Amino acid sequence: MLIVHNTLHRQHAGRHEMFRGRLVPCHESPDRLDHLLAELARRPVGEMVEPAAGHLDEALLAQVHSPRYLQFLAGAWDEWVALDPANAELDALPSVWPVRGFRADVLPTNFAARMGLFSFDAGTPLTAGSWAAARQGAACAIAAAQAVGSGRSRSAFALTRPPGHHAGPDFFGGYCFLNNAALAAQQLRQSGFERVAVLDVDYHHGNGTQTIFYGRGDVLTVSIHGDPMTEYPFYLGHADERGEGEGAGCNLNLPLPRGTGFADWRAALARGLDEVRRFGAQALVVALGVDTFEGDPISAFKLRSTDYLDIGRDLAAAGLPTVFTFEGGYAVAEVGINAVNVLEGFGA
Ligand code: OKP
Ligand code: ZN
């Protein structure tokens, strides 16, 4: 297992997210990765590398995200501070969104209006270093996929934050800005794998990844998650979303009720892996969130730490070149144990 580490992740450190009428401390914090690194120091599962900082395959990025979205993110912090120098001490959060019937084709000049156009929640603060951290995370995901695609390594783990699976072609949200799993899948396609599957095991539906590939027949997206009738991101992730056009039949959602334990969760994983096999995937991306853990503060499945070893074994049994991207998991003290259990169970 090659581990590709985002050493710039700390530059993204949000202060607050909107929750029930209050700004509360962000769940998605830099110490999540500190715990993962500490556990990897105790239980090394592979060589750790870091991609060169400041270098990113812009062409690949533009195959997953729209030019106007990328352009907005690149300049957003400076625009925010230009509104008022005092903003440098605050996070930028959206507060207005274009819903049904509003124009998405016209790009407003107003900054708040563009924040809303390019996002879907008020839980994803943009900070001074968000762009640098997210870009380096994208570089990690792409480098991990390159290593697997070139045969240098049979499996690789993009050890990064912020997470990515909620970020769509032209929107951020759910703590995500750039979709690392989608970038890894796109890189695997570029490396010559004709059919690639993304299997999302984070507690929350991978709406960004689904949306990016919804019309494509070359990338299967599968997500196992809390039922969107009650769980974030609410507006996508139902079982009847099966893809469209050339992508018809190439999306599978496996929503599960709050309180689901490992036996039922594992049965859903088996179903998802069946679909990956049926699709004929030649490579696999696993969007690895460990917020399915029983102790997770914002999620409601009941997985235990030892279950993650079995998840790793089940994933390895698929027998595919595999790239992992790190997604959610907010029981910070256990994040490292749970994620490294998956990697250890997976093996090389
Ligand atoms: C990101 B990832 C709690 C409400 C939920 C958004 C959750 C984003 C999860 N304040 N906020 O999929 O782990
Ligand atoms: Zn999640």
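The values are calculated or read from the model by the stated rules, or taken from the named source; none is laboratory data. For clarity, every value in this text was computed on a predicted model and none was experimentally measured. Here Cβ is always computed from backbone atoms with ideal geometry, including for glycine, and neighbour counts include all displayed protein chains.
Screening the range 222-243 for residues that are surrounded by fewer than 21 Cβ atoms within 10 Å (Cβ to Cβ) and either under 14 Å from Ile212 (Cα atoms) or of a type in the set (D, E, K, R) (or both) and picking the one that is nearest to ligand 1 (Cβ to nearest atom) gives Leu236. Exactly one residue out of Ala263, Ala287, Ala270 is free of Cβ contacts under 8 Å to residues at least 24 places away in the same chain and of a type outside the set (Phe, Trp, Tyr), and it is Ala263. Just so you know, in the range 168-185 the residues that are within 13 Å of ligand 2 (Cβ to nearest atom) and under 21 Å from Leu284 (Cβ atoms) include one that is surrounded by the fewest Cβ atoms within 10 Å (Cβ to Cβ), and it is Cys176. Among the residues of this structure, Ala132 does not count as one that is touching a helix residue (DSSP H, G or I) at 6+ places or on another chain (Cβ under 6 Å) and crowded, with 24+ Cβ neighbours inside 10 Å.
Taking Val222 as the residue in question, decide whether it is touching a residue at least 12 places away in the same chain (Cβ under 8 Å), within 14 Å of ligand 2 (Cβ to nearest atom) and not hydroxyl-bearing (Ser, Thr, Tyr). Criteria not met by Val222. Only residues that are out of contact with any Asp or Glu (no Cβ under 6 Å at 6 or more places or on another chain) and outside any helix (DSSP H, G or I): list them for the range 307-348, please. Across the range 307-348, the qualifying residues are Ala317, Ala318, Gly319, Leu320, Pro321, Thr322, Val323, Phe324, Thr325, Phe326, Gly347, Ala348.
Within the range 290-301, residues that are assigned to a loop (DSSP other than H, G, I, E, B) reach partners that are near ligand 1 (Cβ under 9 Å from one of its atoms) and among the acidic types (Asp, Glu) with beta carbons closer than 6 Å, at six or more positions or on different chains, in the pairs Ser299/Asp291.
Exactly one residue out of Ala156, Ala76, Ala128, Ala141 is closer than 27 Å to Leu36 by Cα, at pLDDT 95 or above and part of a helix (DSSP H, G or I): that is Ala141. Would it be correct to say that Asp121 is at pLDDT 95 or above and in a loop (DSSP other than H, G, I, E, B)? So Asp121 passes the test.
Selection over the range 284-317 of residues that are away from ligand 1 (no atom under 16 Å from the Cβ) and either surrounded by fewer than 19 Cβ atoms within 10 Å (Cβ to Cβ) or basic (Lys, Arg) (or both) gives a count of 10. Just wondering, is there one or more residues in the range 305-319 that are out of contact with any helix residue (DSSP H, G or I) (no Cβ under 8 Å at 6 or more places or on another chain) and of a type in the set (S, T, N, Q)? No, there is no match, as no residue in the range 305-319 is out of contact with any helix residue (DSSP H, G or I) (no Cβ under 8 Å at 6 or more places or on another chain) and of a type in the set (S, T, N, Q). Scanning the range 192-208 for residues that are more than 11 Å from ligand 1 (Cβ to nearest atom) and either on the phi > 0 side of the Ramachandran plot or touching a strand residue (DSSP E or B) at 6+ places or on another chain (Cβ under 8 Å) (or both) returns Gly192, Phe193, Arg195, Val196, Ala197, Val198, Leu199. Inclusion of Ala248 among residues that are among the aliphatic types (A, V, I, L, M), away from ligand 2 (no atom under 16 Å from the Cβ) and either surrounded by fewer than 24 Cβ atoms within 10 Å (Cβ to Cβ) or free of Cβ contacts under 8 Å to residues at least 24 places away in the same chain (or both) is warranted. Checking each residue in the range 156-167 for being more than 13 Å from ligand 1 (Cβ to nearest atom) and closer than 14 Å to Val285 by Cβ picks out Ala156, Phe157, Ala158, Thr160. The strands (runs of 3 or more DSSP E) falling completely within the range 177-279 that include 3 or more residues that are among the β-branched types (Val, Ile, Thr) and under 28 Å from Ala134 (Cβ atoms) map to 219-226. The strands (runs of 3 or more DSSP E) falling completely within the range 1-67 include none with 3 or more residues that are more than 16 Å from ligand 1 (Cβ to nearest atom) and without any contact (Cβ under 8 Å) to a residue 40 or more places away in the chain. Does Pro98 meet the test of being assigned to a loop (DSSP other than H, G, I, E, B) and either among the hydroxyl-bearing types (Ser, Thr, Tyr) or surrounded by fewer than 22 Cβ atoms within 10 Å (Cβ to Cβ) (or both)? Spelling it out, Pro98 is indeed assigned to a loop (DSSP other than H, G, I, E, B) and either among the hydroxyl-bearing types (Ser, Thr, Tyr) or surrounded by fewer than 22 Cβ atoms within 10 Å (Cβ to Cβ) (or both). Answer yes or no: is there a residue in the range 322-343 that is away from ligand 1 (no atom under 16 Å from the Cβ), surrounded by 17 or more Cβ atoms within 10 Å (Cβ to Cβ) and free of Cβ contacts under 8 Å to residues at least 40 places away in the same chain. Yes, some residue in the range 322-343 is away from ligand 1 (no atom under 16 Å from the Cβ), surrounded by 17 or more Cβ atoms within 10 Å (Cβ to Cβ) and free of Cβ contacts under 8 Å to residues at least 40 places away in the same chain.
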